[in-house]
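Written out below as structure tokens is the structure these notes cover.
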Amino acid sequence: MVLMAERRKQKPTWEEVPPEPVPIQHLLDLRDRIDTRDSRAEIIEGQLIVSPVPVFWHEQACQWLVQSFHAVCDGNDWFGDTRGEILLPPTADLIEPDFMILRDLKTMPSLVSRRPLDRVLLVAEVISASGIRIDREVKPRACALAGIPGYLLVDRFTKPLTVSLHSEPGANGYTKVQTVTAGEKLRILAPFDLTLDTSSLPLPG
């Protein structure tokens, strides 16, 4: 994971003063000036983070998510998205989830890369080695504060592999977390009314 941020002027003082956060527009301009070669480029905690190309299993897990939610999306005018970005105003984070579900497909703006926050029903991440803390801690809190109803996490760094659903967003993050190990079933309630069978999730070799 590569961290990039514009230099800030340091105030001379005997006491250590936390640096002022870089305005998000400056980071967006920086992102536009560099070549990320189709890598995921997110703004997290005031830094521009460019993620490395994921391992093959990561892409298998993402396809599993797409397939698992295909029927419920198809029946509700929703869309399973794997490339869009979302701005989360409470924390000024700009994320590119591995997978998300958007409502009202027929009226979705089609010529923009940023997805409207009020259309997002679920964000899902498949943890990579470079993003363990961000995917487990930072993004769930940011998504909850932004009011996103659910955050799904596929975590291969637990033993055994786990799948967790964070739901019921509150002032300090999601207030409910359901976790199953690979092979078990995870019940996802309204608006999905879906039982996610993790026995079909490919396991990393």
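Among 185-192, 119-126, what's the highest-first ranking by average C-beta atoms within 10 angstrom per residue? Please list the in-between numbers first.
Details: 185-192: 14.2, 119-126: 23.5.
Top to bottom by mean Cβ count within 10 Å: 119-126, 185-192.
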Two-site label geometry, ASP32 and SER199: point separation in nm, points 7 Å out along Cα→Cβ: 5.1 nm
If you take the charge dipole of the chain about its Cα centre, with +1 on Lys and Arg Cβ and -1 on Asp and Glu Cβ, which of GLY150, HIS70, LEU189 is farthest toward its positive end? GLY150
For the chain, what D do you get in µm² per second when you plug the Kirkwood radius from alpha-carbon pairs into Stokes-Einstein at 37 °C and 0.692 mPa s? 182 µm²/s
Per residue accessible area of segment 76-205, 1.4 Å probe, in Å²: 47 Å²
Calc'd 3J(HN,Hα), segment 115-125, phi into Karplus 6.51 cos²θ - 1.76 cosθ + 1.60 (θ = phi - 60°), Hz, glycine/Pro = x, comes to 8, x, 4, 6, 9, 8, 9, 8, 10, 10, 10
Give the carbon-plus-sulfur fraction of the accessible surface of segment 132-205 in %, rounded to a whole number; probe 1.4 Å, heavy atoms of protein chains only. 52 percent
Relative packing of peptides 199-205, 176-182, 140-146 - highest average C-beta neighbours within 10 Å first: 140-146, 176-182, 199-205
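Relative contact order of the chain: what whole-number percent is it, with Cα pairs under 8 angstrom and at least 6 residues apart? Mind dumping the intermediate values first?
Numbers: 352 pairs, mean separation 28.5, N = 205.
Result for the chain is 14 percent.
Quick check on segment 50-205: of the DSSP beta bridges with both residues there, what percent are antiparallel, nearest 5%? Display every interim value, and only then the final one.
Numbers: 28 of 34 bridges.
If I count the DSSP bridges inside segment 50-205, around 80 percent turn out antiparallel.
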Quote the charge dipole size of the chain about the Cα centre in Debye, to the nearest 20; the model charges only the Cβ of Lys and Arg (+1) and of Asp and Glu (-1). 180 debye
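Taking the radius of gyration and the Kirkwood hydrodynamic radius from Cα positions alone, what is the Rg/Rh ratio for segment 122-187, to two decimal places? Don't jump to the answer; show the numbers that get you there.
Working: Rg = 11.3 Å, Rh = 11.9 Å.
Result: Rg/Rh = 0.96.
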For the chain, what is the mean residue ellipticity at 222 nm derived from helices alone (per DSSP H run of n ≥ 4: -39500 (n - 2.57); sum divided by total residues; nearest 500 deg cm²/dmol)? -5500 deg cm²/dmol
Between helix 24-33 and the chain: long-axis angle, C-alpha atoms, 0 to 90°, nearest 10: 80 degrees
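The values are calculated or read from the model by the stated rules, or taken from the named source; none is laboratory data. Treat the numbers as computed from the prediction; the structure is a model and nothing was measured. Positions of Cβ are generated from backbone atoms using ideal geometry, with glycine treated the same way; all protein chains shown enter the neighbour counts. For the accessible areas, the whole protein counts, side chains as well, though only heavy atoms, and no ligand, DNA or RNA atoms are used. Shrake-Rupley method; radii C 1.70, N 1.55, O 1.52, S 1.80 Å.
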